[in-house]
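Structure record follows, encoded as structure tokens.
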Amino acid sequence: MEASVILPILKKKLAFLSGGKDRRSGLILTIPLCLEQTSMDELSVTLDYLLSIPSEKCKARGFTVIVDGRKSQWNVVKTVVLMLQNVVPAEVSLVCVVKPDEFWDKKVTHFCFWKEKDRLGFEVILVSANKLTRYIEPCQLTEDFGGTLTYDHMDWLNKRLVFEKFTKESTSLLDELALINNGSDKGTQQEKERSIDLNFLPSVDPETVLQTGHELLSELQQRRFNGSDGGVSWSPMDDELLAQPQVMKLLDSLREQYTRYQEVCRQRSKRTQLEEIQQKVMQVVNWLEGPGSEQLRTQWGIGDSIRASQALQQKHEEIESQHSEWFAVYVELNQQIAALLNAGDEEDLVELKALQQQLSDVCYRQASQLEFRQNLLQAALEFHSVAQDLSQQLDGLLGMLCVDVAPADGASIQQTLKLLEEKLKSVDLGLQGLREKGQSLLDQISNQASWAYGKDVTIENKENVDHIQGVMEDMQLRKQRCEDMVDVRRLKMLQMVQLFKCEEDAAQAVEWLSELLDALLKTHIRLGDDTQETKVLLEKHRKFVDVAQSTYDYGRQLLQATVVLCQSLRCTSRSSGDTLPRLNRVWKQFTLTSEERVHRLETAVAFHSSAEKILQECPEQPEAINEMEQFDEIEAVGKSLLDRLTVPVVYPDGSEQYFGSPSDMASAAEHIREKMKLVSLKKQQLRQPEATTPES
């Protein structure tokens, strides 16, 4: 049964094989019932056709039939199920009747399919669409049942029609070709030719049938009826369900018979083809050895720039384009000769091989010359490209060296110096690359003599060699000049780095000296509780002053170094102009403050030593203290020291600074007053014996 015969029935989609499978790998047969009355005869015809497609092996796995009764009446559904018993009783393993949600509940009780299983020969279940996935995977169900499997019935039907048409045409063509080929195998050569004349053209074009078969096979292998060109797809079926094996078998038979048919046809035109090949071979050989070789003889230069090399390349491409046309003829002729060699008679082999060898020798020689010329021009273009890049790098480096350096700080100088070194390194690499490219180009030019195209190229090669060597020498001289300038610039920039470093260190020295001054004013406050402690403080202060002196000297040396560097660089320092006055000003303030600190400590030493000497005198030896002037002197020194503690340090600019905070000064003064009270008490004790002696 052919689909074209029952095409109107198949278009109604009364039943279809979607390609889905049940859990037993059996095919799913879907019968979508509709509101209109379904013709059981048409449905039976449809089922007969569909069940004729799968192989026996596929049928043996059984079918799962989905009867979609959601839009149909119960009696129609029941009729369809009972009809399956007569149409496909042995192949049906399960029938799933998709019921409406609330319509059949009462009527179903009057007819239970599961009780009829033995009589029907298969199991029937009633299930709603949303519960159909309990029995069949969603990926094997079409979208009508909530699945993800897409099925295009018209696309499947069109492909089926194509398959059956191809099967019919190919079978007919095979019979005709077999008749022609078998007739050519009988009788004498004259009989063969008469047989060929009588049956030379088949009723259909074999190429068209083969092309149709290949396209159909491609569809079966790649899309396997998976979808239309619009992108609609449906799941592939098993190989048993598809027509691929049958199509392949028909194609193989067609190719075999068509090959024999072509061989018969080729025998008639072999001699004519050989003569045509001889004529074309001589045309190719004559052009390649004549105009083609002359074109290459006129091309020998490599150009003196990128633009010139590109122009030569363009000219060479035009020459190659002309040669390509003849090379294409060579390829075609070579294929024809190879085909004749494979199928030719003994008397033709020698002549064909001689033609093939002559054609190959000329074409390979000319192709080698073209390739050599192309490689030479490409090497020249690369050489000029590297030379141009190197020239631009040298120009950039020279421009950088010609601009005076005016950096903001040492870090920017270091960055500029690093950039300068990187550019110089890039130039070194560029020059090395230029030498490599130049040497490679020179090597190729030296080999050009073997491809001289029948002429002496010594003079032309000398011009090319002189140009290449001249470019490399010029780049070497330019690089050497830049290196000399880089050495000078590097020295200058290193001196500038040192200058900035000296200025920064000098400013740091000023900061350190300011910090020492600040520490002197805020922390060097104590005057000591006795002579020993005060002397220790005095010694520490002297060491502190030595540190400050070293810091000041270090700053002066740095500033002197900046003057020398500025003279060497012929520039003015940015910061040494105000750093020196700042250094001198801070040092002057430190000196005054230190002198005041020394004076206070020395006064405190004198006070403590005198007071301790008085306080340590024994009261039983009043003759040791002959005069009260010592007590007056101690009191005067103490008062002077107390007064000095309240006086600030006055700097040359008129500013004033106190030692420590008022509470610190009050604490130091309190110690002095305490000792002065002890001295005063000692004085009173010494006076009492003098007062009592006259009375006694």
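For the reader, a short list of remarks on this structure follows.
- Modelled spin-label separation between LEU477 and THR591, with each label point placed 7 Å from Cα along the Cα-to-Cβ direction: 6.3 nm.
- Taken along the Cα-to-beta-carbon direction at a fixed 7 Å, the label points for GLN37 and ALA308 span 9.8 nm.
- Cα convex hull of region 496-601 - mean projected area over all directions, nm²: 6.4
- Summed over the residues of region 117-171 and divided among them, the accessible surface reaches 50 Å² per residue at a probe radius of 1.4 Å.
- Added length on full extension, which subtracts the Cα-Cα distance from 0.36 nm per residue, ALA60 to GLN688: 211.4 nm
- CYS265 contributes about 30 Å² of solvent-accessible surface, heavy atoms of the protein only, 1.4 Å probe.
- One chain, two ends: GLU539 and THR208. Fully extended at 0.36 nm per residue, the span grows by 107.2 nm beyond their Cα-Cα distance.
- With all protein chains in place and ligands, DNA and RNA left out, the 1.4 Å accessible area ranks VAL281, VAL471 as VAL471, VAL281, largest first.
- Accessible surface, per residue, of region 459-555 when the full set of protein chains is kept, probe 1.4 Å, Å²: 54
- In Å², nearest 10: area of SER412 left accessible to a 1.4 Å probe: 40
- Sorted on the mean count of surrounding Cβ atoms within 10 Å across their residues, most packed first, peptides 676-687, 13-24 read 13-24, 676-687.
- Overall, the accessible surface of region 249-379 at a probe of 1.4 angstrom is composed of carbon and sulfur to the extent of 48 percent.
- Sulfur and carbon atoms: percent of accessible area, region 499-559 [1.4 Å]: 52
- Taking 0.36 nm per residue of separation and subtracting the current Cα-Cα distance, fully stretching the chain between GLN374 and ASP395 would add 4.4 nm.
- For peptides 530-537, 203-210, 652-659, sequence by mean Cβ density within 10 Å, most packed first: 530-537, 203-210, 652-659
- Where labels lie 7 Å past Cα in the beta-carbon direction, separation of SER663 and LYS462 in nm: 10.3
- In this view, the solvent-accessible surface of MET1, computed with a 1.4 Å probe and all protein chains in place, comes to about 130 Å².
- With R₀ fixed at 25 Å, the C-beta to C-beta distance from ASN158 to SER25 puts the FRET efficiency at about 0.35.
The values are calculated or read from the model by the stated rules, or taken from the named source; none is laboratory data. Computed from a predicted model, the values in this text were never measured in an experiment. Neighbour counts run over all protein chains shown; Cβ positions are idealised from the backbone, glycine included. Note: accessible area is taken over every heavy atom of the protein model, side chains too, but ligands, DNA and RNA are not part of it. Shrake-Rupley method; radii C 1.70, N 1.55, O 1.52, S 1.80 Å.
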